[in-house]
Ligand code: GLN
C-alpha cells in the first residue's frame, strides 16, 4: 500500500486489494514512523478516521451487493491530510498559533463537509506557518516541518506540513490554502503537485482567514490527475461564503475526463519576460526551460508575452495582505476567540482594564511574524496613510489584474517558475523577512488577480551528490482550471 494516489487507491479498493480500514491503519503506522522526523502533522485523528473508513467499507460492500461498483465515488475511503487552518468538527484547529492552542472546531468547513459527503477519511491536521504567514513553516508555534527530500531543509510554506505529508507518503493527498503561494511553493519544494483554484471556486467558510480577498483552498497531490479529482470534490458555491460561486463547480464538472493531446495542444502558452529575470537561480531556470522544451515537443505553441506591472506585485501584496490580516486577526483577543490568559494571570487580569486583557492575550499568543503583519496592516489602514498605501495598492492590484487580462487575449495559459530557488536550509532565511518574502515573487500576482495556478514538478535540481525537486507553474484564465489541469496531465503522462 505504498505511494497510493487517489486513482490507484480507488482501483485497489474496488478490486478488494485492501479495505479502507486497512489503508487507514497502514497510513497511521507510516505516520507513527515518519512524522517524528518531519513534524508534518500537528495532530492525528485515529478514532474518527477509522470510523469513517469502516463506514466507507460498508458503503463499498453495499455497492458491490447491488452490482453498482461503478458508482463508488472517487474519494471513497481515501486517506487525506488537512491543513490546520481548515476546520473539521471535533478536531483541533490551531493554524499553528499558540493563541489557538487547545481549540477544537465546532463545525465543518465548507470543504470538509463536501469531503465527508464524498466519504473521504481525514488522517489529521498538518503543520503550517502561523496563520499561514510564511514560506517555510518556520513560523509555526509547534516546531518546524522538514522536507522529506532533505530534513535539513524547509518543506516550503505555508502549507509545508501538507506538502511534506504527501511527499513522504504519510497521506494519499492533502488540502492546503494559498494566499500568496502557500500551496504552489511547498508543492514545488517537495516535488509534488499543488493547485490553487480561481478565487471563489472553492468555499472559504471554515478556513481560518488570513487575507480574505486572496485566500483560496486547494489540493496538494502526487499527480495532476489527483488534483483534478480533489478539486472537483471541493468546488462549488456555499451559502456561508458570499464570494464563492457555482461557476467554479460548473467549470469543474467533468474535469476528471482528459481530452486527447491533439485537442489540448490547441492551447497556446505564454512566457512572460518579466518572470525570467536575474533573481532566478540559473539551475531552476534551466529546469523550467526543460519543461518548456518538453511541452514544445509534445506540440504546444509558445509565445512571449509581457506582464509589465509584475515588479510592483510584491509591494502591493505586502500592503493589501497585512491590511486584511490586521482586520482578520482582531477577533483573536481572548474574549471573542482564543482562550483567556491562564488562571494565575487571570487573577491579575481581573483588576486590569479591557485593553490590558487584549494586550496580554495577543502579546502572549501571537508570534513575531503575525505581530509584524498586524502592525504593518494597522499602519497602512490608519488615517493619513490609507490613501498613500492601501488605496494606492488597490489601484496597482487592478493594473496587475489588467495585465493578465490583456495577456490572455493572445494566449490560453501562462508558464512561469514557482519559486526562485529550490528548498533552502532551515534557518537560512528565518531572520531575514525580505528574502523570505521574495520566495513568493512568482506566485503572488496570481492571487492578486484571482486566477488559477498549478505547480507541478519538472526535472530535479542537481546538488552535491543528490537532487532537490523543482516545479514550474501554469497560470490559467479565470474559471479555466480545466485548461491548465489538462496541459499538466498530458505533461505528466509524457
Ligand atoms: N508566503 C506568503 C506569505 O507569507 C504566502 C502565504 C500564503 O499563501 N498563505 O504571505
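The values are calculated or read from the model by the stated rules, or taken from the named source; none is laboratory data. Computed from a prediction, not measured in an experiment: that's the story for all the values here. All Cβ positions, glycine included, derive from the backbone under ideal geometry; neighbour counts span all protein chains shown.
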| Among the residues of region 144-167, is any under 20 Å from residue 105 (Cα atoms) and outside any loop (DSSP other than H, G, I, E, B)? | yes
| If you check 81, 49, which single one turns out to be closer than 29 Å to residue 136 by Cα and in a strand (DSSP E or B)? | 81
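Here's the yes/no breakdown for (1) without any contact (Cβ under 8 Å) to a residue 12 or more places away in the chain; (2) in contact with a strand residue (DSSP E or B) (Cβ under 7 Å, 6 or more places away or on another chain):
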site: 372; (1), (2): no, no
site: 379; (1), (2): yes, no
site: 382; (1), (2): yes, no
site: 394; (1), (2): no, no
site: 424; (1), (2): no, yes
site: 429; (1), (2): no, no
site: 444; (1), (2): no, no
| request: Tell me, please, whether a residue that is more than 27 Å from the chain's Cα centre (by Cα) and modelled with pLDDT under 90 can be found in region 371-383. | output: yes
| With (1) outside any helix (DSSP H, G or I); (2) under 19 Å from residue 473 (Cα atoms) as the list, and residue 188 as the residue in question, which single condition is left unmet? | (1)
| note | Condition set near the ligand (Cβ under 10 Å from one of its atoms) and modelled with pLDDT under 95, scope region 439-448, selection nearest to residue 197 (Cα to Cα): answer is 440
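Within region 230-298, which helices (runs of 4 or more DSSP H) (wholly inside it) include 3 or more residues that are more than 22 Å from residue 446 (Cβ to Cβ)? Lay out the reasoning, then the answer.
Details: elements: 246-252, 261-264, 282-298.
Where helices (runs of 4 or more DSSP H) fall fully within region 230-298 and carry at least 3 residues being more than 22 Å from residue 446 (Cβ to Cβ), they are 261-264, 282-298.
Give the residue, chosen from 343, 288, 264, that is within 24 Å of the chain's Cα centre (by Cα) and either modelled with pLDDT under 95 or surrounded by 17 or more Cβ atoms within 10 Å (Cβ to Cβ) (or both). Quick ask: steps written out before the conclusion?
Values: 343 fails: within 24 Å of the chain's Cα centre (by Cα); 264 fails: within 24 Å of the chain's Cα centre (by Cα).
Going through 343, 288, 264 in turn, just one is within 24 Å of the chain's Cα centre (by Cα) and either modelled with pLDDT under 95 or surrounded by 17 or more Cβ atoms within 10 Å (Cβ to Cβ) (or both): 288.
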| Any idea how many residues of region 267-305 are within 21 Å of residue 439 (Cα to Cα) and in contact with a helix residue (DSSP H, G or I) (Cβ under 6 Å, 6 or more places away or on another chain)? | 1
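Just checking, which of 63, 81 is surrounded by 13 or more Cβ atoms within 10 Å (Cβ to Cβ) and touching a residue at least 24 places away in the same chain (Cβ under 8 Å)? Give the derivation first.
Numbers: 63 fails: touching a residue at least 24 places away in the same chain (Cβ under 8 Å).
Criteria check complete, one pass: 81.
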| request: State whether one or more residues within region 451-470 are modelled with pLDDT under 95, within 15 Å of the ligand (Cβ to nearest atom) and assigned to a loop (DSSP other than H, G, I, E, B). | output: no
| task | Give the residues of region 125-149 that are in contact with a strand residue (DSSP E or B) (Cβ under 7 Å, 6 or more places away or on another chain) and either more than 9 Å from the ligand (Cβ to nearest atom) or closer than 12 Å to residue 424 by Cβ (or both), sorted by residue number. | result | 125, 126, 127, 142, 147, 149
